[in-house]
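The values are calculated or read from the model by the stated rules, or taken from the named source; none is laboratory data. Remember, it's a predicted structure, so these values are computed and weren't measured experimentally. As a convention, Cβ positions derive from the backbone with ideal geometry for all residues, glycine included, and neighbour counts pool all protein chains shown. When the accessible area is computed, the model is the full protein with side chains, heavy atoms only, and any ligands, DNA or RNA have been set aside. Shrake-Rupley method; radii C 1.70, N 1.55, O 1.52, S 1.80 Å.
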Amino acid sequence: MTTTVGIPAGWPATEEQARAVQDELRERVVLDERGPEPGAGHVTGVDVAYDDARDVVAAAAVVLEAATLRVVAEATAVGRISFPYVPGLLAFREIPTVLAALGALGRPPGLIVCDGYGLAHPRRFGLASHLGVLTGLPTIGVAKNPFTFTYDDPRTPRGSASPLLAGSEEVGRALRTRDGVKPVYVSVGHRVALDNACAHALALTPAYRLPETTRRADALCRRALREATAAL
DNA sequence: GCGACAG
DNA sequence: ATCTTGTCGC
């Protein structure tokens, strides 16, 4: 089942308003919890696909059993595009539809894995942090690109990592999930420690560079977008 | 002012 | 993100 959502009342309309929201919500991020252990409970991947020309956005949430990485639930939602893509303001483009997909799950998501950043963000409040604060749930971000941050290339073996730096501040970690393959960029979202976030990223990558959560969510939201767009 | 910039 | 075929390699 795919639910349909509109743009929430009071949603920021300008970049200035969006940045103000980030500055306010940032105060509510919780960074002193270790978070659930890898392999325990459930892990949920969320992702979003767009058709800007037709003003359609589709989100997917896929729940995996953490111990086996088996899919136990999934849901999708479609809506209107709620914000343009602006580096640093990605959350305003993705969150309304993602929340709808999570709500359609009908069960607790456990740890949420986002396709993007948490603390590794110009104002230390990326998508994963934002989604964490809004849901109260533990979240982490696993991104495919280093954005503006710097890092030394991790050693070749899977599991190697090096600090992801904003100047001299460690805002995340470049983590090798496959031998000799480009690392992923892990950062804390809400209620999870960085070491534990990296442990989760490794537990979710038994076969591919990207976590099973984001691979499943990516495939599902693309399918939902195709189907939502086919009838137009 | 110019370029770079998660998805 | 998205537009897009074949191709090199394990």
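Annotation: per residue accessible area for the stretch A:39-230 equals 37 Å², rounded to a whole number [probe 1.4 Å, protein chains only].
Rounded to the nearest 0.05, what FRET efficiency do residue A:15 and residue A:51 give with R0 = 25 Å and r taken as the Cβ-Cβ distance? Could you check? Once rounded, the FRET efficiency stands at 0.65. In terms of accessible area, using a 1.4 Å probe and ignoring ligands and nucleic acids, A:68, A:3 rank largest first as A:68, A:3.
Available extension along the chain between residue A:207 and residue A:178 is 9.7 nm, counting 0.36 nm per residue and deducting the alpha carbon span. Placing a pseudo-label 7 Å from each Cα along the Cα-to-Cβ vector at residue A:73 and residue A:25 gives an inter-label distance of 2.2 nm. Other residues whose C-beta falls under 15 angstrom from the C-beta of residue A:21 contribute a net charge of 0, scoring Lys and Arg +1 and Asp and Glu -1. Taking all protein chains together and a 1.4 Å probe, the residues A:64, A:194 rank A:194, A:64 from largest to smallest accessible area. In the context of the full protein assembly, residue A:27 retains an accessible surface of approximately 130 Å², using a probe radius of 1.4 Å and ignoring ligands and nucleic acids. Within the stretch A:89-154, the proportion of C-alpha pairs whose separation exceeds 15 Å stands at 52%. Within the stretch A:31-61, what residues put their amide N at less than 20 Å from the label point 7 Å along the Cα-to-Cβ vector of residue A:4? Inside the label zone: A:49-61. I'd like to know how chain A sits against the 2.2 N^0.38 Å rule of thumb: what's its Cα Rg over that expected value? My calculation over the Cα atoms of chain A gives 0.95.
Here the alpha carbons of the stretch A:175-232 define both size measures, Rg and Dmax, at 14.8, 45 Å.
Shown are A:117, A:208, A:151, whose ranking by accessible area with a 1.4 Å probe and every protein chain present, most to least, is A:208, A:151, A:117. Of all DSSP beta bridges confined to chain A, the antiparallel ones make up roughly 75%. As a ratio to 2.2 N^0.38 Å, the alpha-carbon radius of gyration for the stretch A:99-232 is 1.08. Taking the stretch A:73-92 and a reference point 7 angstrom along Cα→Cβ of residue A:144, the backbone N atoms nearer than 18 Å belong to A:85-88, A:90-91.
Compared with the direct C-alpha span, the chain from residue A:160 to residue A:219 gains 18.5 nm at full extension, assuming 0.36 nm per residue.
If R0 equals 30 Å, the separation of the Cβ atoms of residue A:37 and residue A:169 corresponds to a calculated FRET efficiency of about 0.65. Remark on residue A:74: its backbone amide H falls under 5 Å from those of A:63, a criterion applied only to residues 5 or more positions apart or on other chains, H modelled at 1.01 Å from N. Note on the stretch A:36-50 and the stretch A:55-86: Cα centroid distance 10 Å, given to the nearest whole angstrom.
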